Structures are given as structure tokens and as C-alpha cells.
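The values are calculated or read from the model by the stated rules, or taken from the named source; none is laboratory data. All values derive from a computational prediction rather than experimental measurement. Note that we place each Cβ from the backbone using ideal geometry, even for glycine, and neighbour counts take in every protein chain shown. Accessible surface areas use protein heavy atoms only, side chains included; no ligands, DNA or RNA. Shrake-Rupley method; radii C 1.70, N 1.55, O 1.52, S 1.80 Å.
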Amino acid sequence: MSKRKTPSLVAFHSNSRLIGEESLGLLARYPTKVYSHLPILLSKPFDYTQKFLQSLYLSYDITPDKTRDVAVYKTEEDEREFSKLTVEEMVAMILKYAMGLAENQAMSSVKDVVITVPSTWEWLRRGVVDGCRLSWDQCAGFSQ
């Protein structure tokens, strides 16, 4: 795989969290422990997520969130730190990981991040803002 792109994958296996390339290695052996298609499912309703995952034959254990109509993924059998997560929380993990990669490449700390989302994808904007707020203390929002 090209080193210019990081896969949008998050895996939870043996009490550890793997993101990107590391989780890609687990995909063939443990397909239910590697979570994919996360950008597509940002801020999508539970019914849409359930039908989408069934159409791809992905058997993730999901339940609807009580406050918002989004899917909550059960990632571990017992109650641990990362046992129940939404797509926005997993995207926040990927964003934090990407920030770490940028800091390693630049050999300095990263203070600001610019994420571009097409203006026609309003549903994705809300999910990205939620992921940014989970990753960093502040999120400036989007300009029109």
C-alpha cells in the first residue's frame, strides 16, 4: 500500500487500539474487530447505518444511541475504556493519529489543522465537526 495515504480503519484487539496500517493487518483474520467505512457513516441515522453494513455483509454489533439517532458500536465484550463508540469518536481517533503523523514528519508540534469538506456534503460537515471537537479542545468551524 502507498505510504501517502493512511487507511480510515480502527481496530480493537487484545486490549489495544490500532489505527491505519496496523489495523489493516488484522482485517483478514478478525473482520469484526476492524471498523471500516467510517467517513461514509459520519452522522448517518441508525437505520441507514444498519442497512449499509448489512449490504456489505459486515456483522458489527451496533445499537441505536439514546440521545442521537446514530449507531453505537460495541467493540469489546466487557466494559472497558473503548467498549462502546460512535463513528464520530472513531473518526476523532483517526484525526488524532493523523496529527501525530504530521508532528513526527514536521518534527514540531501542530497547533492548527485545516480539514476540507465539500459544501454540498452538509451531513459530513456535522460529523467532521463532532470528530474535531472530540479530538481537540476547540473547533473553529467551516467557512462558506
Practice task
Check LYS51, LYS5 and return the single one that is closer than 20 Å to ALA92 by Cβ and surrounded by fewer than 13 Cβ atoms within 10 Å (Cβ to Cβ).
Solution key: LYS5
Problem - Any hit, segment 95-102, residues being open to solvent by 70 Å² or more (accessible area, probe 1.4 Å), part of a loop (DSSP other than H, G, I, E, B) and either touching a strand residue (DSSP E or B) at 6+ places or on another chain (Cβ under 9 Å) or at pLDDT 85 or above (or both) - result: no
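Within segment 57-68, can you find the residues that are open to solvent by 40 Å² or more (accessible area, probe 1.4 Å) and within 22 Å of VAL128 (Cβ to Cβ)?
Initial filter on segment 57-68 (open to solvent by 40 Å² or more (accessible area, probe 1.4 Å)): 57-59, 61, 63-68.
Scanning segment 57-68 gives PRO64, ASP65, THR67, ARG68.
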Exercise for the section: Identify the single condition in (1) touching a residue at least 24 places away in the same chain (Cβ under 8 Å); (2) open to solvent by less than 40 Å² (accessible area, probe 1.4 Å); (3) at negative phi; (4) part of a loop (DSSP other than H, G, I, E, B) that SER43 does not satisfy, given that it satisfies every other one. Expected result: (3)
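Can you work out which of the residues in segment 103-113 that are hydrophobic (A, V, I, L, M, F, W, C) and in a loop (DSSP other than H, G, I, E, B) is farthest from PRO39 (Cα to Cα)? Full working, then the answer.
Start the filter on segment 103-113 by keeping residues that are hydrophobic (A, V, I, L, M, F, W, C), which leaves 106-107, 110, 113.
Narrowing further to those that are in a loop (DSSP other than H, G, I, E, B): 107, 110, 113.
Working: MET107: 28, VAL110: 23, VAL113: 18 Å.
This residue is MET107.
Residues TYR73, TYR48, TYR57: which one is at pLDDT 90 or above and on the phi > 0 side of the Ramachandran plot? Talk me through it step by step, then tell me what you get.
Numbers: TYR73 fails: on the phi > 0 side of the Ramachandran plot; TYR48 fails: on the phi > 0 side of the Ramachandran plot.
That would be TYR57, the only listed residue that is at pLDDT 90 or above and on the phi > 0 side of the Ramachandran plot.
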